[in-house]
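What follows is a single structure, written as structure tokens, with notes after it.
The values are calculated or read from the model by the stated rules, or taken from the named source; none is laboratory data. Everything numeric in this text was worked out from a predicted model, so none of it was measured. Here Cβ is always computed from backbone atoms with ideal geometry, including for glycine, and neighbour counts include all displayed protein chains.
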Amino acid sequence: MDRVGSKNRKSTIALLKNGMIQWWKDNLGIIIAFLVLCLILSINPITQNSFLTSKNIFNVLRQISTNLFLACGMTMVIILGGIDLSVGSIIALSGCLAAGAVVRYNLPLGVALLVGVLFGLVIGIFNGIVISKTTIPPFIVTLATMNIAKGLAYVYTGGSPVRVVTKEWQFIGAGYIGAVPTPVVILIIVFIVTAIIMNRTKMGRYLYAVGGNAQAAEFSGIKVSRVKFFAYAYSGLMAGLAGIVLASRMYSGQPTAGEGAEMDAIAAVVVGGTSMSGGYGKIGGTLIGGLIIGVLNNGLNLLNVNSFWQYVVKGAVILLAVFIDYIRQENKDKIKIR
Amino acid sequence: MDTNVLLQMKNIHKTFPGVYALKAVDFELRAGEVHAILGENGAGKSTLIKVLGGIYTADQGEIYIEGKKVDIKSVKDAQENGIAIIHQELVLAPYMTVAENIFLGREPMKGKFVNTTKMYEDAQELIDIYGVNIDAKTLVRNLTIAQQQMVEIIKAISYNSKILVMDEPTSSISDKEVKFLFEIMRTLTAKGVGIIYISHRMSELAEVCDRVTVMRDGSCIGTKVVKETTNDELISMMVGRELKNYYTRDYQEDGEVILKCENISDHKMVKSASFEVKKGEIVGFAGLVGAGRSELMKCIFGLTKRFSGDIYIEGKKVEIKSPYDAIKHGIALVPEDRKAEGLFLVQSVRFNTTIEVLNEFIKGIAVNRQKEDEITQEYIDLMSTKTPSMEQPIEKLSGGNQQKVMIGRWLATSPKILILDEPTRGIDVGAKSEIYAIMNNLVKSGMSIIMISSEMPEIINMSDRIYVMCDGKITGCLGHEEVTQEKIMKLAVK
């Protein structure tokens with residue numbers, strides 16, 4: 001038994017190593033892009049003193065955590081060949097509900113946060129049921145729930161932020177565990193969980209199968225509707241989590257929070273190399289995609305770029321990243337034909 | 001040369017990678033005649049039509065229209081030369097009106113705008129000439145299939161086409177509508193239009209066709225005047241090919257009945273089909289394309305949600321509502337269309353092999369990759385699949401090797417009944433022979449195989465018994481001692 005155990009452990013380490021090498025190879029293009037971006041910011045005279053400080057790095061990680069929570073769910077949904085537009089609005093709704101639970105009903109903090117997360121899950125489940133039981137396109141379904149969730153957040157708050165000014169409230173968004181910001185710790189956990197689901201479970205395989213060829217998946221006895229349901233429910237859950245973390249960081253639940261967040265999440269996934277047509281992509285790429293967008297935002301701020309221009313630069317970078325990937329794919333295909 | 005000749009195709013050759021699709025084909029169409037082309041699936045009928053319609057370009061050969069040599073390199077060339085093709089699948093825009101469809105791309109104009117009044121008037125006039133009862137303002141999606149076909153024909157005629165090709169026009173319309181279609185065809189031929197008519201239904205030939213050309217294996221076997229020939233003669237022309245010697249088959253004694261299906265109907269393509277399969281036998285399902293064979297198997301495999309009839313496995317009645325149920329009951333189905341229904345193209349050979357047996361090596365979040373590799377290697381060896389590694393994306397393998405991975409995937413589920421739908425379509429001769437040998441070994445080890453095949457020699461040489469289907473019904477069952485191609489054909493075109 002012992003020998004088998006140690007063999008397994010050894011092979012686990014070997015697998016991890018192989019996994020890292022594979023990750024490095026798969027994402028070489030965007031990893032280099034990311035490193036170049038960091039290099040530019042750390043030698044640029046304006047930013048060299050501010051960029052590579054632990055304060056700034058943690059700051060960036062804290063900022064991108066919201067986006068990466070969403071991107072974890074979004075990666076699954078996009079690999080499935082779908083899209084989830086409702087996540088930005090879920091951020092607003094779950095943040096407001098959690099803040100309201102504390103301020104209006106004096107519920108304990110833990111319960112309030114749970115309420116926020118669960119409401120995200122509920123909307124995700126609703127998306128999942130409609131998308132898996134009908135043939136209405138996910139774009140339309142989640143466009144509808146995006147508006148519903150946003151509307152509910154406004155109705156619930158009357159349009160103004162629900163402020164919470166307690167030290168405990170701030171913990172999950174603005175606090176620290178040891179020297180590391182809490183949202184970064186949560187992010188690491190969420191990432192590991194997502195990576196495990198995608199790489200080590202049957203559900204993970206099914207995501208790729210259904211996204212790659214839904215008809216073949218059905219022929220293979222995979223319960224396609226169950227897989228779709230899972231992905232959208234997971235995406236909703238992630239959005240709920242992002243909502244409470246953001247509300248905590250902003251000391252309030254705001255109905256305007258998370259506006260356009262779904263687009264940043266999609267951008268992170270796509271820059272990370274996941275195919276919008278489904279069936280192909282890796283969560284490890286999404287991590288880099290999210291980092292690039294986060295560091296880019298941070299760098300543009302540090303460089304004092306006009307915030308109007310920041311949008312233009314961000315858009316250009318997204319296009320460039322996807323374009324490089326497109327060129328690489330084209331070359332691969334050419335080799336294949338020969 | 002006969003002045004009456006409208007179209008002449010001379011010495012047409014066409015090859016695809018690995019396939020000689022047309023070999024020195026000569027074909028002639030006279031003005032005012034309906035000329036049928038007959039042949040088995042894969043005989044080259046549709047390739048010939050596609051060459052005429054400009055979808056494919058012939059490698060060699062000449063086309064003459066009314067004695068003049070023409071160059072047809074595109075669909076537009078064909079149209080300009082007065083050739084119109086009505087394909088089996090209709091290609092009208094469903095959310096546009098009948099008139100808009102007829103005049104699509106050449107709308108009558110008034111200045112910069114479409115002259116709608118004129119368009120509807122002209123369209124209605126055209127429709128009325130043929131006595132069709134359709135309003136030009138109806139949306140196409142509200143028409144029946146037969147009516148849509150009429151619209152297609154009218155559209156084709158409105159280009160002033162001299163040559164009209166109809167690819168199985170009667171396959172999806174009712175008998176009454178067929179009669180009406182024939183009347184329209186007679187009106188057209190009276191005006192001097194030549195019609196090329198492709199159909200599997202022998203009974204229609206005598207009714208509407210003047211001459212018939214039989215094709216087999218990419219060659220023209222001969223042209224006959226319909227009134228001077230018999231169905232038997234045509235059938236023997238269609239099938240009379242030599243059988244190749246690469247089948248492996250050891251027949252065994254009858255086993256007990258393992259699968260019994262009674263009165264299976266899907267209320268569309270399959271009509272009250274009953275059959276049984278014994279342990280250790282290969283049961284063939286023959287018939288022409290569209291006879292309902294694949295649809296019958298989809299019922300048994302749980303892919304059709306609404307079907308009636310009873311399925312018994314080893315004497316016990318079972319409920320099959322989804323492929324998941326079917327797999328649980330020991331049924332496996334390797335589908336006809338590998339790319340659309342089977343393969344996960346961007347994924348590896350390993351992913352494609354093990355997707356149905358994940359339970360054997362994934363427990364919760366513990367993945368035994370070694371076990372997964374072992375399973376994959378087992379089926380690569382069993383099927384002698386040629387692949388550089390198990391990481392290889394399956395899209396980079398040849399058709400034959402892809403098919404081997406597909407069969408391996410299903411064998412991994414240890415089925416009792418293996419359904420193979422056109423198992424050797426589009427794969428090379430060597431791989432075919434290997435697949436036959438594997439099938440023989442599988443039934444020797446006690447598995448039962450149902451094989452749908454449109455390839456006559458294959459189904460005759462591999463099957464213990466052959467069910468023949470036509471129009472959704474099982475029209476007969478032939479044992480391997482008595483079966484001949486002629487007998488199958490007779491049952492398939494009943």
- Item | Members of the range B:271-295 that are over 20 Å from B:Met439 (Cβ atoms) and either in a helix (DSSP H, G or I) or free of Cβ contacts under 8 Å to residues at least 60 places away in the same chain (or both) | B:Glu295
- Task: May I ask you to say which residue of B:Leu418, B:Leu382, B:Leu397 is surrounded by 15 or more Cβ atoms within 10 Å (Cβ to Cβ), in contact with a strand residue (DSSP E or B) (Cβ under 9 Å, 6 or more places away or on another chain) and more than 11 Å from every other protein chain (Cβ to nearest Cβ)?
- Result: B:Leu418
- Message: Here is a list: B:Val140, B:Val114, B:Val165, B:Val193. Which entry is surrounded by 13 or more Cβ atoms within 10 Å (Cβ to Cβ), out of contact with any strand residue (DSSP E or B) (no Cβ under 9 Å at 6 or more places or on another chain) and among the β-branched types (Val, Ile, Thr)?
- Response: B:Val114
- Message: Can you tell me which condition B:Val443 does not meet? The list is (1) in the same structural domain as B:Thr248 (by TED's automatic domain parsing); (2) under 20 Å from B:Lys339 (Cα atoms); (3) crowded, with 22+ Cβ neighbours inside 10 Å; (4) of a type outside the set (Ser, Thr, Tyr), and all the others hold.
- Response: (2)
- Task: Kindly check whether there is at least one residue in the range B:239-249 that is away from chain A (no Cβ under 11 Å), modelled with pLDDT of 90 or more and outside any loop (DSSP other than H, G, I, E, B).
- Result: no
- So A:Gly284 fits all but one of (1) surrounded by fewer than 24 Cβ atoms within 10 Å (Cβ to Cβ); (2) at the interface with chain B (Cβ under 10 Å from one of its Cβ atoms); what number is the exception? (2)
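When you go through B:Ser454, B:Ser448, B:Ser463 one by one, which is the residue that is out of contact with any strand residue (DSSP E or B) (no Cβ under 7 Å at 6 or more places or on another chain) and under 29 Å from B:Asp325 (Cβ atoms)?
B:Ser454
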- Query: So which pairs qualify, if the first residue must be in the range B:174-188 and more than 18 Å from B:Thr144 (Cα to Cα), the second must be at pLDDT 85 or above and assigned to a helix (DSSP H, G or I), the Cβ gap must be under 7 Å, and the two must be at least 6 apart or on different chains?
  - Reply: B:Met185/B:Val208
- Task: Report yes if some residue within the range A:167-175 is without any contact (Cβ under 8 Å) to a residue 12 or more places away in the chain, within 14 Å of chain B (Cβ to nearest Cβ) and in a helix (DSSP H, G or I); otherwise report no.
- Result: no
- Task: Being surrounded by 14 or more Cβ atoms within 10 Å (Cβ to Cβ) and more than 13 Å from A:Leu296 (Cβ to Cβ) is the filter here, so list the residues in the range A:23-41 that pass it.
- Result: A:Trp23, A:Asp26, A:Asn27, A:Gly29, A:Ile31
- Among A:Asn106, A:Asn147, which is of a type outside the set (D, E, K, R), modelled with pLDDT of 95 or more and either under 24 Å from the mean Cα position of the chain (by Cα) or farther than 30 Å from A:Ser54 by Cβ (or both)? A:Asn147
- Task: Give A:Ala239, A:Ala231, A:Ala216 a once-over and let me know the one that is modelled with pLDDT of 95 or more, crowded, with 24+ Cβ neighbours inside 10 Å and either closer than 30 Å to B:Ile331 by Cβ or of a type in the set (Asp, Glu) (or both).
- Result: A:Ala231
- Residues of the range B:196-231 being surrounded by fewer than 17 Cβ atoms within 10 Å (Cβ to Cβ), touching a residue at least 24 places away in the same chain (Cβ under 8 Å) and over 23 Å from the mean Cα position of the chain (by Cα), which ones? B:Glu207, B:Thr223
- Query: Counting only residues that are without any contact (Cβ under 8 Å) to a residue 40 or more places away in the chain and crowded, with 22+ Cβ neighbours inside 10 Å, which one in the range A:178-208 is nearest to the chain's Cα centre (by Cα)?
  - Reply: A:Gly204
- Item | Residue identified as away from chain A (no Cβ under 14 Å), surrounded by fewer than 20 Cβ atoms within 10 Å (Cβ to Cβ) and of a type outside the set (A, V, I, L, M, F, W, C) among B:Gly330, B:Gly309 | B:Gly309
- Note on the structure: B:Lys73 passes all but one of the listed conditions (1) at pLDDT 90 or above; (2) more than 16 Å from B:Ile163 (Cα to Cα); (3) out of contact with any helix residue (DSSP H, G or I) (no Cβ under 9 Å at 6 or more places or on another chain); the exception is number (1)
- If you check A:Arg205, A:Arg200, which single one turns out to be of a type outside the set (Gly, Ala, Ser), closer than 22 Å to B:Lys339 by Cα, in contact with a strand residue (DSSP E or B) (Cβ under 9 Å, 6 or more places away or on another chain) and at the interface with another protein chain (Cβ under 8 Å from one of its Cβ atoms)? A:Arg205
- Select, from B:Ile127, B:Ile154, the only residue that is touching a residue at least 40 places away in the same chain (Cβ under 8 Å) and not aromatic (Phe, Trp, Tyr). B:Ile154
- Query: Would it be correct to say that B:Lys371 is more than 9 Å from every other protein chain (Cβ to nearest Cβ), farther than 20 Å from B:Tyr324 by Cα, over 38 Å from the mean Cα position of the chain (by Cα) and surrounded by fewer than 21 Cβ atoms within 10 Å (Cβ to Cβ)?
  - Reply: yes
- Message: Between B:Glu341, B:Glu378, B:Glu391, which is among the charged types (D, E, K, R) and in contact with a Pro (Cβ under 9 Å, 6 or more places away or on another chain)?
- Response: B:Glu341
